[in-house]
Amino acid sequence: MPSSQIENLFNESLIAHQQPEWPDKAKLAEVVNELRQLPPLVFAGECDNLKNKIAQAASGEAFWLQGGDCAETFAAATADSIRNRIKTILQMAAVLQYGASMPVIKVGRMAGQFAKPRSDNFEKRGDIELPAYRGDAVNDLEFTKEGRTPDPSRLLKVYNTSSATLNLVRAFTQGGFADLRLVHEWNKGFIKDSNIGPRYEAMAKEIGRALDFMRSAGINPEEFKTVDFYSSHEALILEYEKALTRIDSRTDLPYDVSAHFLWIGERTRQLDGAHIDFAKKIRNPIGVKLGPKTSQAEVIDLINALNPDDEPGRLTFITRMGAKNIRSILPALIDTVTKSGRKVLWVCDPMHGNTYESPTGYKTRSFDDVLDEVRGFFEVHNKLGTHPGGIHIELTGDDVTECVGGGLEISHDDLATRYESACDPRLNHTQSLELAFLLAEMLRDSK
Ligand code: PEP
Ligand code: CO
């Protein structure tokens, strides 16, 4: 298929929600044209490999672990920050894999997660009203007219920062750092003043002994030396995603080569909207967020729209119901899908239904609510005999104070100490590992 046909691939007459009002349309066209010439960030074959792994998870044979910032920023794309996030995800994966004896699919909300949907188009501070921050892909967090004006040249910076991030991710995960024998090393540099550090060290020691035992028996598989790590983000700014959609030379089919996995958010998943049309046309594995208002009919319509041929691994539902709702709302949705005979991967996002404002004025989440939603997710699946297939969380490897609770007992007053998120509050390193240990128990019990 010649590349020009990409232009006719998408239905341009549909409504695209949550798009920025770019003031300089000529500049936008220039940027889009430039993006279209740039090399792919991922290869279509990798997206297919991930799809195969998702199919395994959907069949109950693997667990999906997806984590990273709510909103990546250009400023935080540093070696330290990227390494700490990767180490955190690798540690969580080791805990899950060791605790539950199940392969773990490792996916970063990373190398492209730069755009945010917003409930309000404007933000008011005192008498001043300015456009809301929509992520570094669009405008600046700084509350000035200049900062908040959408600037299309930021999309090129998204591409370049994603490329640099992915380069480091690939170096870390393929170049020896992710070798399972370094399971100890991944904990270095993290604070140890909780019971989670020693617990991790103890597990790492056991893994080390198991590996030594295998080596002594002449077994030293290549699989332990590198890991497959996939990139993902919300497919939100359609100009960017479309500009990075290319025809795969192997299959002649279109893939969005900005990331391996793309998801459609709760606010943009209208069946007749431009985002679902976009997702329909690309061959990457796709996720859709499902909030507490999702109807059974919508779920079936989404399956028919996005996976009409029942391709294994194509579709993941990421539920974000809130701890209070999950036990009452999720069962009917799962039941409908099961009865339809179609297969999806069910993933729990225990973050987005549990956000509130602290009395001290910070957007936060309580570790207990996050845990309660995860427990509810497992309870519902265990009762229905379906596979609780994975988890989607907002985390960072840094010792931030953004979510309350957890072993370090972060309080509302503590939030001011180190609150750095440009958008939603993230679990810090200790809270993430703590969640992984609890998850491993749930996963083991549900098998
Ligand atoms: C997000 O994942 O950051 C997000 C905005 O989620 P949702 O679409 O579920 O609200
Ligand atoms: Co978020």
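No value in this document is a laboratory result; all are computed from the given coordinates. On a predicted model such as this, the values are computed, not experimentally measured, just so you know. When we count neighbours, we look across all protein chains shown, and the Cβ atoms used for this are built from the backbone with ideal geometry, even at glycine.
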*Rounding to the nearest 20 debye, state how big the charge dipole of the chain is about its Cα centre with +1 on each Lys and Arg Cβ and -1 on each Asp and Glu Cβ.*
860
*19 Å tail of the calculated P(r), the range 310-375, as % of Cα pairs*: 42
*Segment R199-N220, extension gain: residue separation times 0.36 nm, minus the distance between their alpha carbons*: 5.0 nm
*Treating the beta-carbon of each Lys and Arg as +1 and of each Asp and Glu as -1, no other charges, what is the dipole magnitude of the range 292-447 about its Cα centre, to the nearest 20 debye?*
680
_Shape category assigned to the range 113-166 from the gyration tensor of Cα positions, a/c cut at 1.5_ = prolate
*Using a 10 Å cut-off on Cβ atoms, rank the peptides 288-296, 347-355, 50-58 from the highest mean neighbour count down.*
347-355, 50-58, 288-296
*Dipole of the range 16-98 (Lys/Arg Cβ +1, Asp/Glu Cβ -1, origin at the Cα centre): which of P39, I86, F63 lies farthest to the positive side?*
F63
*Among E373, E46, E34, which comes first, second and so on when ranked by fewest other beta-carbon atoms within 10 Å?*
E34, E46, E373
_Using a 10 Å cut-off around each Cβ, can you sort R215, R125, R83 from fewest to most neighbouring Cβ atoms?_
R125, R215, R83
*Calculate for the chain the 222 nm mean residue ellipticity that helices alone would give, adding -39,500 (n - 2.57) per DSSP H run of length 4 or more and normalising by residue count, nearest 500 deg cm²/dmol.*
-12500 deg cm²/dmol
*Quick one: divide the alpha-carbon radius of gyration of the range 302-417 by 2.2 N^0.38 Å and tell me what you get.*
1.24
*Just for the chain, what percent of DSSP beta bridges are antiparallel, to the closest 5?*
25
*Which one of C403, V344, T360 is farthest out on the positive end of the charge dipole of the range 340-408, using unit charges on Cβ (Lys, Arg +1; Asp, Glu -1) and the Cα centre as origin?*
V344
*Contact order relative to length of the range 371-429, as percent, for alpha carbon pairs under 8 angstrom and 6 or more apart*: 36
_Relative contact order, percent, the chain [alpha-carbon distance under 8 Å, six or more residues apart]_ = 22
*Starting from the Cα gyration tensor of the chain, take the square roots of the eigenvalues, sort them a ≥ b ≥ c, and report rounded, prolate or oblate (rounded when a/c is under 1.5, otherwise prolate if a/b is larger than b/c, else oblate).*
rounded
*To the nearest 0.05, how large is the calculated FRET efficiency for K383 and E12 if R₀ is 45 Å and r is the Cβ-Cβ distance?*
0.50
*Give the shape of the range 30-104 as rounded, prolate or oblate, defined through the alpha-carbon gyration tensor: a ≥ b ≥ c are the square roots of its eigenvalues, a/c under 1.5 means rounded, and otherwise the shape is prolate if a/b is larger than b/c and oblate if not.*
oblate
*At R0 = 35 Å, FRET efficiency that the Cβ-Cβ distance of H412 and S446 yields, to 0.05*: 0.55
*asked:* Need one number: nm distance between label points at E123 and E61, each 7 Å from Cα along Cα→Cβ, rounded to one decimal.
replied: 4.6
*Can you find, among S216, N11, P285, the residue farthest towards the positive end of the dipole of the chain? Put +1 on the C-beta of Lys and Arg, -1 on that of Asp and Glu.*
S216
*Based on the Cβ-Cβ distance from D252 to N33, what FRET efficiency comes out when R0 is 22 Å, to the nearest 0.05?*
0.40
